[in-house]
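*Asks:* If you scroll down you'll find the structure; I have some questions about it.
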Amino acid sequence: MSKHLQNDVDLLHSRLMSLFGIVEQMVDKAVRALCEQRVELAIEVIQSDILVNRTEVGIEEECLKILALHQPVAADLRRVTTVLKINSDLERIADLGCNIAERAQCLHEHPYFPIPEQLPDMVRQATTMVRLALDAFVNSDTGLAKKVIQLDVAVDDYNLAVIEELQTLMRQDSELVVPALHCFSASRHVERIADHAENIAEDVIYLVDGDIVRHRHGQFFESQNQQKSPENP
């Protein structure tokens, strides 16, 4: 790698890490606004989206400039294309954080609505996935990336449990339909955040190993287990 390319890639990495930090804070504030009914946090999240959008566009422009000027190959090319994909996923996570914040504002008008007890657990799992995906990228840790992918199953299960409880509440009391729908949307947004964290984890595996595991987790993990078995040392 040339010195100029190295400098540009280092700057790109720094800007992406900054975006990671902003988005992580947005998600944290959004879910606290939802679970603790703190409207002021919801407002902060929505206001932060302008900065995320501006940063996301800047990172994309920097990636395109690197591709045009340096024409990287092999590992360097994988790194730049991976940053492009992660950049997009982070912007979508920020958008979902804003959506959760908006639902939190709506639920604030229904202070006595019983938030399903599974939702806080689902939120913790999803935010953990985002944090671990960041750590996996920073440390080029494919083992951690694989853990993120496996954690997504639990988030999906929590989402189904939340939906079932909300359906029960709506059947029992028609006055709960409106807040239940807001809560349903929030739960769906949390589930989508976990999906984007999973995407980032997949990108980390591609960056480090060159393996595309998207849409074939079962096949990939099965082959990894066979390689580690005593019969295949």
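*Asks:* About the Cα centre of the chain, how large is the charge dipole given +1 on each Lys and Arg Cβ and -1 on each Asp and Glu Cβ? Please answer in debye to the nearest 20.
*Replies:* Computed about the Cα centre, the dipole is about 480 debye.
*Asks:* Based on DSSP H runs of at least 4 residues, each adding -39500 (n - 2.57), what is the mean residue ellipticity at 222 nm of the chain after dividing by all its residues, to the nearest 500 deg cm²/dmol?
*Replies:* So the helix-based figure for the chain works out to -30500 deg cm²/dmol.
*Asks:* Principal axes first, then extents: for the Cα atoms of region 2-45, list largest minus smallest coordinate on each axis, whole Å, largest first.
*Replies:* For region 2-45, the Cα extents along the three principal axes come out at 51, 14, 6 Å.
*Asks:* When we measure straight from the Cα of K29, which lysines land under 26 angstrom away, once same-chain ones fewer than 8 places off are left out?
*Replies:* K85, K147
*Asks:* To the nearest 10 degrees, how steeply does helix 177-209 sit against the main Cα axis of the chain, on a 0 to 90 scale?
*Replies:* Taking the Cα atoms of the chain, the angle to 177-209 is about 10 degrees.
*Asks:* Helix 118-139 versus the longest principal axis of the chain: what is the Cα-based angle in degrees, 0 to 90, to the nearest 10?
*Replies:* 10
*Asks:* Would you work out if region 57-176 is rounded, prolate or oblate? Take a ≥ b ≥ c from the square roots of the eigenvalues of the alpha-carbon gyration tensor; rounded if a/c is under 1.5, else prolate when a/b is larger than b/c, oblate otherwise.
*Replies:* Prolate shape, in that a/c is at least 1.5 and a/b is the bigger ratio.
*Asks:* Within 10 Å, at most 15 other Cβ atoms, and a DSSP state outside H, G, I, E, B define an exposed site. Report the longest part of the chain free of exposed GluC sites (Glu not before Pro).
*Replies:* 118-230
*Asks:* Give the aspartates and glutamates whose C-alpha is closer than 12 Å to that of K3, dropping any in the same chain fewer than 8 places away, or say none.
*Replies:* Answer for K3, where 12 Å is the Cα cut-off: none of the aspartates and glutamates qualify.
*Asks:* Give the residues of region 115-137 whose amide nitrogen is closer than 15 Å to a point set 7 Å from the Cα of E36 in the direction of its Cβ.
*Replies:* Flagged as within label range: 120, 124.
*Asks:* Now a separate question. Working from Cα positions, state the angle (0 to 90°, nearest 10) between the long axis of helix 74-107 and the longest principal axis of the chain.
*Replies:* The helix 74-107 is inclined about 10 degrees to the chain.
*Asks:* So, counting K/R as plus one and D/E as minus one, what does the shell of residues with Cβ under 14 Å around K147 add up to?
*Replies:* Once all neighbours under 14 Å are counted, the net charge is -3.
*Asks:* Moving to a separate point now. Name the residue from L181, Y206, N53 whose Cα lies farthest towards the positive end of the charge dipole of the chain, charges +1 on Cβ of Lys and Arg and -1 on Cβ of Asp and Glu.
*Replies:* Result: Y206.
*Asks:* How high is the relative contact order of region 3-224, in percent, with contacts defined as C-alpha pairs under 8 Å that are six or more residues apart?
*Replies:* Reported relative contact order: 24 percent.
Rule-based calculations on the coordinates, nothing more; no lab input. No experiment lies behind these values; they were computed from the predicted model shown. A quick note on method: Cβ atoms are made from the backbone with ideal geometry, for glycine too, and the neighbour counts reach across all protein chains shown.
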